[in-house]
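Report on the structure given below.
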Amino acid sequence: MSQPGTLILIMAIAVLAPLLTYGFSRWIPVPLVIFEILLGIVIGPDALGLAHHDAAIDALSDLGLSMLIFLAGYEIQFGAVRGDTLRRSVWAWVISLALGLGVAFALTAGAATKSFVIGTALTSTALGTVLPVLRDSGDLRGRFGTVMMAFGAVGEFGPIIAMALLLSGRAPGVSTVLLAAFAAVTAAAVYWALRPRPPWFSRIIAKTLHSSGQFAVRFVMLLLAAMLGLSYAFGLDSLLGAFAAGLLTRLVLQGAAPESSEVVLGKIEAMGFGFLVPVFFIVTGIDFDLDALLHGGRALVLLPAFLLLFLLVRGLPVHFLAPRDLDARDRRALTLYSSTALPLVVAISAIGLDDKALTAGEAAALVGAGMVSVLVFPLLALRLRARSTGQACEAPVPGG
């Protein structure tokens, strides 16, 4: 199908997916992203063969991933994510990375590049994917939400740093220097973001908030583009720039126009979750190598193995290092949410395929395991949280 036809199909799926999510929510809360990816597979080359995307749709998909990571960065609240909880989340991820690399080296018989790809993928947390589920269920509020934000943020940011160091194709020393330079520039940007803005800044935000000017939205898009460009200039993964842009945006808006920040975020979320993010997940489904998964016996075995490893490598350190004030059910729910992985697994698998470190079957197994984790782990966590809080387990309509 032509590019316009494929884009129409993608947007039709973007409309159909929340309808299916709403319909299924009466029986089981299926995350929106699952329908987006599955329907993408259906129209992709390994099923109906209706969708064949090109550079323009690929660019929209890349922007969708950047927007997803940007929104995850924006959700980080520095006032809440700090102290002992932050230290525990950092140590949990460091232990996960050590476990992941150790397991990967054992599985690959010491193949370095493949081990870095698999090991890094096993440490990720799909905070951007889990956040809508947490928000819709009310679990972002209170102590559990604070802890989940800390562990999820480190689980999203840590693998991005690891990708910059281990998967860039450069010598580790060079990557470290470039990462340090990027961090220094970002720190300077944070210092700038924390400085008081001139009075005209907040006035123009308020004046154009509901006009065609949309100064705040355009300013946020400039920040995102600038941080993506900065990460590109330093030869780092664009996701690092997207995450940093989200952090900066929260600091700027909360400092300069706190009364307008929620409205501005709503507009950005509408752009992201209404258009760009669904394109990313649907294109992920179109690109999914279903044939390699179904016709490769090893790939089918690897899928449940990777799913279990997500739980063991990422989940166990989270469980043991979770703050002591969480009860047993909340610790298990935190473990399940933290073990949910998909967007970064897709990105890391793509790097592995491009570098020929992974076969098509191995990449499909990794992404497939991520898809299953998004479907199963949040559902189990929701049920545990409902029992922990003593609420009836009414299924929210999960987001994507």
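The values are calculated or read from the model by the stated rules, or taken from the named source; none is laboratory data. For clarity, every value in this text was computed on a predicted model and none was experimentally measured. A quick note on method: Cβ atoms are made from the backbone with ideal geometry, for glycine too, and the neighbour counts reach across all protein chains shown. Note: accessible area is taken over every heavy atom of the protein model, side chains too, but ligands, DNA and RNA are not part of it. Shrake-Rupley method; radii C 1.70, N 1.55, O 1.52, S 1.80 Å.
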Exercise for the section: Considering only region 171-190, state which residues are part of a helix (DSSP H, G or I), among the aliphatic types (A, V, I, L, M) and open to solvent by 50 Å² or more (accessible area, probe 1.4 Å). Expected result: 174, 177, 180, 183, 184, 185, 187, 188
Fill in the blank from the handout: Taking region 356-389 and keeping only residues that are open to solvent by 30 Å² or more (accessible area, probe 1.4 Å) and over 24 Å from residue 300 (Cβ atoms), one is left with 383, 387, 388, 389
Practice task
Return yes when residue 268 is assigned to a helix (DSSP H, G or I) and either small (Gly, Ala, Ser) or over 20 Å from the mean Cα position of the chain (by Cα) (or both) and no when it is not.
Solution key: no
Practice task
Mind listing whichever residues of region 246-293 are among the polar types (S, T, N, Q) and either open to solvent by 20 Å² or more (accessible area, probe 1.4 Å) or closer than 25 Å to residue 226 by Cβ (or both)?
Solution key: 249, 254, 260, 261
Exercise for the section: Can you run down the residue pairs with Cβ atoms below 9 Å, 6 or more apart or on separate chains, where the first is in region 301-327 and closer than 24 Å to residue 106 by Cα and the partner is aromatic (Phe, Trp, Tyr) and open to solvent by 70 Å² or more (accessible area, probe 1.4 Å)? Expected result: 317/91
Problem - region 227-238 residues that are in contact (Cβ under 8 Å) with a residue 60 or more places away in the chain, paired with ones that are of a type in the set (Lys, Arg) and open to solvent by 30 Å² or more (accessible area, probe 1.4 Å) (beta carbon under 8 Å, 6 or more apart) - result: 235/170
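Go through region 207-220 and give me each residue that's of a type outside the set (Val, Ile, Thr) and surrounded by 15 or more Cβ atoms within 10 Å (Cβ to Cβ).
Matches in region 207-220: 209, 214, 215, 216, 219.
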Exercise for the section: Give me the pairs, please: first residue somewhere in region 135-152 and closer than 11 Å to residue 337 by Cβ, second residue anywhere and outside any helix (DSSP H, G or I) and among the charged types (D, E, K, R), beta-carbon distance under 6 Å, and either six or more positions apart or on two chains. Expected result: 145/139
Handout entry: residue 327 of a type in the set (Asp, Glu), farther than 20 Å from residue 126 by Cα and open to solvent by 10 Å² or more (accessible area, probe 1.4 Å)
Key = yes
